[in-house]
Every structure is written in C-alpha cells, then in structure tokens.
C-alpha cells in the first residue's frame, strides 16, 4: 500500500480541561480531496491548525511524505509544502490584491499573477483587499495559499457566505486545482458542495473520528446522521 502524503496518528489537543481532539487518525492520499465534516466544536479547525503548525499537538504525530513535522511552526510547515486558507479570511486590507499574493509567493510577482489567474481574479489585481466582496476575498485567500506552491492545501470553509452561483464556481475551481496536481484536505459545513466534490469524508464528533468513507457511505451511516447530518441525508 502506498504511503499517505499526509498522515495524522493519534492526534490529541488539550486546551486546559477541554480535549478538542481525542486521538484522531487521518490519512490523506496524493491527488485526492478529503472532506472533513462534523458539528460546530467537533475539532475540525483545531485539526487543521495542528497540521498547519498554528497549534502544537498535546500528543500524537503529523507526518508529510513520511517525515515527522509535528510541532513545527506555521512558516516551517508552509516551507515543507502545506498551505492553508482561513475560515475568517485574513488579507492585508490596505494592500492591493496582487500585493497580498506577492507576500504569499515570497516576492515572486510572476507566481502571484499565475495564482490570481488560476482563481479567476486577475482582473481586480489592483483593487484594495478591503474593498472586495466575500467571494473575491475567499478567492484571494486561495490565491495566496496557491502562491506558496504547496503539495497539500488545507481549505477551511471556503463556501461560507457564498451564493449558489459562487458555490458552483468554487466547486469547479477546487476540482481544477486538484487536477493540477494538488491534494486537498477540506473542512466544510455546506454539505451539498462537499458531498459533490470530495473523494472521501472523515466525520469528527466531540473531537473523535466517528466515521470515514465515500460520500454515499457517510450519507448512509446511521451514526453520522444521528450525530450531524440529520434525516434528510439518509440514503
């Protein structure tokens, strides 16, 4: 069996008396879109933060291409090949769109421009980030992440605040990004989008992995329906 591109083993994160992650195992294979779903407070963003180096896990291991990256700082993890977007975007509001992405590309304007073209917002490269729509800001987040030339892209609720047309465009874009060679770990609450796009899903509930499988398998799981999805998803 081929080695996973990204692997988490028994990942645990405590915040004082709160255990946000309880021994989570995760394998992300090269070229796939792995969806991470679950109720609010289930540990999804905490897991992303542990992988990306924003948090250091209390125990457990994170490995990229078989090499231990547990506890590295965010900028070190990024240099290893993992980029992420944020649930609440964090652009530099007084910089232009292009200037924001140049920061991500470590000063390479050509890479920044290609990233803007890839996500479809090159035409607004001179606009100030503070003047963008929600959709444009989400695309700027993606462009900044892509500009770091990652192997793995961690996407945190990219559909939040988007209308139906923007969601469809973003679904198509994530598929295109994967076709370009990137591997995605995607946290999302918009079930229609992630069920349509992800190859596999992992379900977190109260910090634990309660199920994993194809979108159809997850939608058919009584445990997942009761914990999160609700009756309307039962196949």
### Task
Mind telling me which of the residues 181, 207, 213, 161 ends up being on the phi > 0 side of the Ramachandran plot and buried (at least 19 other Cβ atoms within 10 Å of the Cβ)?
207
### Residue check for residue 98: under 25 Å from residue 188 (Cα atoms), part of a helix (DSSP H, G or I) and in contact with a helix residue (DSSP H, G or I) (Cβ under 9 Å, 6 or more places away or on another chain)
no
### Query
Quick one: would you say residue 189 is out of contact with any strand residue (DSSP E or B) (no Cβ under 7 Å at 6 or more places or on another chain) and surrounded by fewer than 17 Cβ atoms within 10 Å (Cβ to Cβ)?
yes
### Query
For region 115-134, what are the residues that are touching a residue at least 12 places away in the same chain (Cβ under 8 Å), surrounded by fewer than 18 Cβ atoms within 10 Å (Cβ to Cβ) and not in a loop (DSSP other than H, G, I, E, B)?
128, 130, 134
## Note on the structure
Of all strands (runs of 3 or more DSSP E) fully inside region 1-76, the set with 3 or more residues that are crowded, with 20+ Cβ neighbours inside 10 Å and without any contact (Cβ under 8 Å) to a residue 12 or more places away in the chain is none
### Task
Answer yes or no as to whether residue 224 is without any contact (Cβ under 8 Å) to a residue 24 or more places away in the chain and either at positive phi or buried (at least 19 other Cβ atoms within 10 Å of the Cβ) (or both).
yes
### Task
Go through region 217-235 and give me each residue that's at pLDDT 80 or above and closer than 22 Å to residue 155 by Cβ.
217, 218, 219
### Task
For region 164-186, name all the residues that are farther than 17 Å from residue 149 by Cβ, out of contact with any strand residue (DSSP E or B) (no Cβ under 7 Å at 6 or more places or on another chain) and in contact (Cβ under 8 Å) with a residue 12 or more places away in the chain.
166, 167, 169, 170, 171, 173, 175
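The values are calculated or read from the model by the stated rules, or taken from the named source; none is laboratory data. Predicted, not measured: the structure shown is a model, and the values here were computed from it. Because the Cβ atoms are built from the backbone with ideal geometry, glycine has one as well, and the counts that use them run over all protein chains shown.
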